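Data first, discussion second: the structure below is written as structure tokens.
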Amino acid sequence: MRNILSRGRSLSSWIKSFLPQPVPINGAERLRACCGALFGILLTGLATRLALGPGAAVPLLIAPMGASAILLFAVPSSPLAQPWSIIGGNTLSAAIGVAIAGWVVDPLWGSAIALTLAIAAMLALRCLHPPSGAIALMAVLGGPAVRALGYGFVLMPVALNSVLLLLLALFFNNATGRRYPHALQPEHANLHRTADAPPIDRLGFTPQDLDDVLKQYNQMLDISRDDLEELFMQTERHAFRRRLGEITCADIMSRDVITVEFGTPLDEAWNLLHWHRIKALPVVNRARRVVGIVTLVDFLKHANPDKFGSVNDKLRQLVRPSGETHTDKPDVVGQIMSKGVLTASTDTHIVELVPVLSNGGKHHVPVVDVEGRLAGMLTQSDLIAALYRGQLLDPGVAA
């Protein structure tokens, strides 16, 4: 009886292994993908009709464009859906298919050879695109109409359809909040130009660990290596956040922030840094919105310490008011501040700032409220203290 039950469970598990996992996206994302495919295919067909004119012998749309549309609009982050994949893969496969159709008489052998060579070429040129395999077959099996086009089939309609669909994907994905093309993640570089690994890579897995595992795995994945690494990093942060609890920037930030305005004289800003023993001053406008930040580094950079003379002398010359109406010398904070300041919101979890304040090279992050006004300042020291206290209070660590 036990053997029968065991076999039954094994059979059930085997059958369930054929069922796909649930798609982990919400209804809005599903609707976005469907609308994108509608938008892309419809406009590609209309634009092709406009370009070729009525009564053209060339088909307005080829069937593999439907598969390309699924990749471009439903999974735009896939390596198989990137611009070079669709343009290179489709045109290369079409050219190979046309060539094989002219050399191999038997369409069965021609189809197999064309598909094989198309895959090999796409892998070699890093433009693997699954719908391109169908284009290679279409060039061989498309009948007299496709054969009559010869290598013109590569340009019309393959290249034309591919370029139009790609342009529409570029517009639609970015307009609906999906970055496309999917940019590579920046490398983990040491900002100090030393041989040490960046701070965030000194514990846990490193990029090299991931590269080694992918090499051992030795299979194509429908996700880029950079996205895979980012998912692992986010998983680590999510787990740490769960253990640490909901500690936000509002919980640990300094609220009594010393600020300056664009027109604050340099000598006044320098005295504020010195008096309060701080290293950065947020620059705000009258509505207390952050327009920049001025740090000790900004003062040193504009004091030209690399030139002859002591640093102190150079700094004195920089912060001393010129007394002239028109001068090349900076006189106010706005002339030396750093613009495009990275800010955090009051409800941002502190774990999200770990990469910014470690590998990112930032030492201070202004914190803004829901209306975008300056609410506080968070520094590396604040973060270290919060993580330390959070670990002490974590019952799992205490145990």
message = Treating region 27-175 as a set of equal point scatterers at the Cα positions, no solvent, please give the Debye-formula log₁₀ I(q)/I(0) at q = 0.10, 0.14 Å⁻¹.
response = -0.33, -0.63
task = With a point put 7 Å past each Cα toward its Cβ, work out how far Arg126 is from Phe171 in nm, to one decimal.
result = 3.0
query = So how do Phe205, Phe299, Phe18, Phe73 line up by other beta-carbon neighbours within 10 Å, fewest first?
reply = Phe18, Phe205, Phe299, Phe73
request  = Take Arg225, project a point 7 Å from its Cα along the Cβ direction, then tell me which residues of region 72-94 have their backbone nitrogen under 18 Å from it.
outcome  = 78-82, 85
remark   = Residue by residue through region 370-385, the couplings from Karplus 6.51 cos²θ - 1.76 cosθ + 1.60 with θ = phi - 60°, in Hz, x for Gly and Pro, are 5, 9, x, 8, 4, 10, x, 9, 10, 10, 4, 5, 4, 5, 4, 4
message = At q = 0.22, 0.28 Å⁻¹, what log₁₀ I(q)/I(0) does region 331-382 have when each alpha carbon counts as one equal point scatterer in the Debye sum?
response = -0.86, -1.15
Spin-label model distance (nm) - Arg373 vs Gln21, 7 Å beyond Cα toward Cβ = 4.6
query = Taking amide H positions as placed 1.01 Å from N in the peptide plane, with prolines and chain starts having none, which residues 5 or more places from Ser345, or on another chain, fall under 5 Å of its amide H?
reply = Val368
ask   = Taking 0.36 nm per residue of separation and subtracting the Cα-Cα distance, what length does fully extending His274 through Leu214 add?
value = 16.5 nm
message = Using the basic label-point model (7 angstrom from Cα toward the beta carbon), what is the Ala385 to Arg242 distance in nanometres?
response = 3.0
key: Modelled FRET efficiency - R0 56 Å, Val356 with Ser12, Cβ distances, 0.05 increments   = 0.70
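No lab work stands behind these numbers, since they all come straight from the coordinates. Keep in mind that this is a model prediction, so the values were computed, not measured. Positions of Cβ are generated from backbone atoms using ideal geometry, with glycine treated the same way; all protein chains shown enter the neighbour counts.
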